[in-house]
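For reference, the structure is listed below as structure tokens.
Every read-out reported here was derived from the displayed coordinates using simple, explicitly stated rules and does not represent laboratory data. Note that the coordinates shown come from a computational prediction; the quantities given were computed from them, not determined experimentally. Note that we place each Cβ from the backbone using ideal geometry, even for glycine, and neighbour counts take in every protein chain shown.
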Amino acid sequence: MRTLVCDPDDIIVTSGAQQAVDLLARVFVEPGQTVVAIEEPNYPPFLGIFRAAGAIIQPVPVDRDGMIVDKIPKDAKLVLVCPSNQYPLGVTMSVERRRQLYQFAKERHALIVEDDYDGEFRTAGEPLKAIYSQEASEQVFYLGTFSKCMIPTIRLGYLIAPAWAREALVLAKNCTDWNSSPIIQRATARFISEGYLSAHVARMRAVYRDRRAHVVRALAANFGSTLRPVVSNYGLHLTASGDPNIDWDAIAWEAGENGVSVHALTRYYMDEPLPGLLFGLGSESKERLVIAVERLAAIARNEGATLQVRF
């Protein structure tokens, strides 16, 4: 689906993207020494992996064109980036930023960890070429997972690694779980080779596009300018930036107590967070998502215990 040129020997099968990042941290992070640049905001489980490995973590801000490459510390040895669909903001890294990042890695002898989160589910236009596809890929490690394009419980992913790094990564893999389930791998291989995966992804692109459109309309109808969707061309989640005078953490907590699961954006930041909420689109129908937004709005309108306005 992403038309990456690689050899079968380049691919290390993992128990999801989470294990792929863990293997990279085990091999390349020297505790207290290795500087890892990570997007701000970021995916907390990946942040936890590098913290556990003893990395020096440096958050790098993200704008509408993705990670701001000029803000990456010069001594960064690993750069973790989510260029297709930045999590959680949903922005796509521009072609120019991708080129700048690759150039940074070449000049600074750094490694790029490219998490192609949601790369299959672009709902408008053609996806941009992966950073891995730029010139020789000796400094790029490409992560993919079947958890999003199939089912989360499959726990199957892959790491495309340069030849020089494979032996160490395979050894690290062998030290953790030896191998991912051969039965799951064989079933997934048949699902791909017989055309079911591409048909499933094509069908789900339309489903997620429809769910997103319904949530965007529901937010406009129930929140107006108080909660504004961040423009994104990918499908499994939607981020909305909120009025900074409203305590979105309190609203998210109260919503959870009333059966509506949303995340406040504060959980994805190391420093000053963007106010707002994140909505998952993967597991509910468009009708139930609209009802959830309406319930959320009712919670926000409660001016008593649940809504705290900051002045």
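Values as computed for the structure displayed
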quantity	calculated
Descending semi-axes in Å of the range 148-199, equivalent ellipsoid built from Cα gyration tensor	25, 13, 10
Residues Trp164, Trp248, Trp253, sorted so that the one with the fewest Cβ neighbours within 10 Å comes first	Trp164, Trp253, Trp248
Folded to 0 to 90 degrees: helix 182-193 orientation relative to the chain principal axis, Cα	80
For the chain: relative contact order, % (alpha-carbon pairs under 8 angstrom, 6 or more apart)	18
Rounded to the nearest 20 debye, dipole of the chain from Cβ charges on Lys, Arg, Asp, Glu	620
Helix-only [θ]222 nm of the chain, DSSP H runs n ≥ 4, -39500 (n - 2.57) each, per residue, nearest 500	-12000 deg cm²/dmol
Low-density loop cleavage sites - trypsin sites (Lys or Arg not before Pro) in the range 37-82, where at most 13 other Cβ are within 10 Å (DSSP)	Arg64, Lys74
Interchain or long-range residues, amide H under 5 Å from Gln58's placed H	Val36, Ala37, Ile38
Cα centre as origin, Lys/Arg/Asp/Glu Cβ charges: the range 198-301 dipole, Debye	660
Listed residues Gln103, Val91, Ala161: farthest to the positive end of the dipole of the range 8-193 (Cβ charges)	Ala161
Cα shape, the range 8-193, gyration tensor, a/c 1.5 rule	oblate
By average C-beta atoms within 10 angstrom, highest first, the peptides 254-262, 206-214	206-214, 254-262
Ranked packing of 183-192, 224-233, most packed first, by mean Cβ within 10 Å	224-233, 183-192
Average Cα contact separation per residue, the range 198-301, under 8 Å, 6 or more apart, as relative contact order %	31
Formal net charge of residues neighbouring Thr14 (Cβ-Cβ distance under 15 Å; K, R +1; D, E -1)	-1
Equivalent-ellipsoid semi-axes of the chain, from the Cα gyration tensor, Å, largest first	34, 24, 18
Compactness relative to 2.2 N^0.38 Å, alpha carbon Rg of the range 197-299	1.08
Listed pairs Lys173/Lys286; Lys71/Lys129; Lys71/Lys148 exceeding 32 Å between Cα atoms	Lys173/Lys286
About the Cα centre, charge dipole magnitude for the range 1-118 (Lys/Arg +1, Asp/Glu -1 at Cβ), debye	280
Sparse-neighbour loop sites [trypsin sites (Lys or Arg not before Pro); the range 99-173; at most 14 other C-beta within 10 Å; DSSP]	Lys129
Length-normalised contact order for the range 1-140 - Cα pairs under 8 Å, 6+ apart - percent	22
Charge-dipole axis of the chain as Lys and Arg at +1 and Asp and Glu at -1 on Cβ define it, positive-most pick from Ala53, Cys82, Tyr196	Tyr196
Alpha-carbon centroids, the range 16-58 and the range 186-252: separation in whole Å	27
